[in-house]
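Take a look at the structure below.
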Amino acid sequence: MHENGLVPIGKIVGTHGIKGYLNVISYAESTDSFAPGIELALRRTDKPVVRFRIESAHPHKRGILLSLEGIDSIDTAKEWVGYELCIDKTTLPEPEGGSYYWHQIIGLEVFTVDDRCLGRVAAIFPTGSNDIYVVRDGEKEILIPAIDSVVVDIDLTNRILQVDLPEGLED
């Protein structure tokens, strides 16, 4: 697993109990990314990437309680709080037709159907009914709903997202 091929799927925000369980906030839509046996890379700025295999994962409140091989006490677990959990993007299943992973969308340059550049997708957040693309160009920011009537085309090869904005969205 190469560090530049890692996709973040969560963050360790605390510990739980005395047996080394990690309290994780998941970035993934599904808990399938936390199945037993999957190898995770734990990374933190200015620290080397360390790999662990998942022993177990269970939904807990708004997150996941995660048990990793080799982390079996609260003292060991505390050392990993603040680390980001990543998987190798080559292990991700191919998305269904017309679907994309967030890491594929973030960074795309956004153009309107009349070829005006709006900036780049800087972030994505879910709203329940659809995702919202946060597009930034310097200080300017626009929120674009990720719905079929607005998102006309996603070209991953050329790193371009084309949109047909509803009236008033740019103002």
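The values are calculated or read from the model by the stated rules, or taken from the named source; none is laboratory data. The structure displayed is predicted, hence computed values, not measured ones. Note that each Cβ is placed from the backbone with ideal geometry, even for glycine, and that neighbours are counted across all protein chains shown.
Read through the list (1) at pLDDT 95 or above; (2) assigned by TED's automatic domain parsing to the domain that holds Asn130, then give the number of the only condition that Trp80 fails.
(2)
May I ask you to list the residues in the range 63-110 that are farther than 18 Å from Asn23 by Cβ and touching a Pro at 6+ places or on another chain (Cβ under 7 Å)?
Tyr101
Taking the range 130-151 as the region of interest, how many residues are more than 15 Å from Trp102 (Cβ to Cβ) and either loosely packed, with under 14 Cβ neighbours inside 10 Å or touching a Phe, Trp or Tyr at 6+ places or on another chain (Cβ under 7 Å) (or both)?
Selection size over the range 130-151: 8.
Mind counting the residues in the range 24-54 that are loosely packed, with under 15 Cβ neighbours inside 10 Å, hydrophobic (A, V, I, L, M, F, W, C) and in a loop (DSSP other than H, G, I, E, B)?
1
Condition check ((1) in a loop (DSSP other than H, G, I, E, B); (2) within 28 Å of Lys11 (Cα to Cα); (3) out of contact with any helix residue (DSSP H, G or I) (no Cβ under 8 Å at 6 or more places or on another chain)) across all residues:
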residue: Asp75; (1), (2), (3): no, yes, yes
residue: His103; (1), (2), (3): no, yes, no
residue: Asp148; (1), (2), (3): yes, no, yes
residue: Val152; (1), (2), (3): no, no, yes
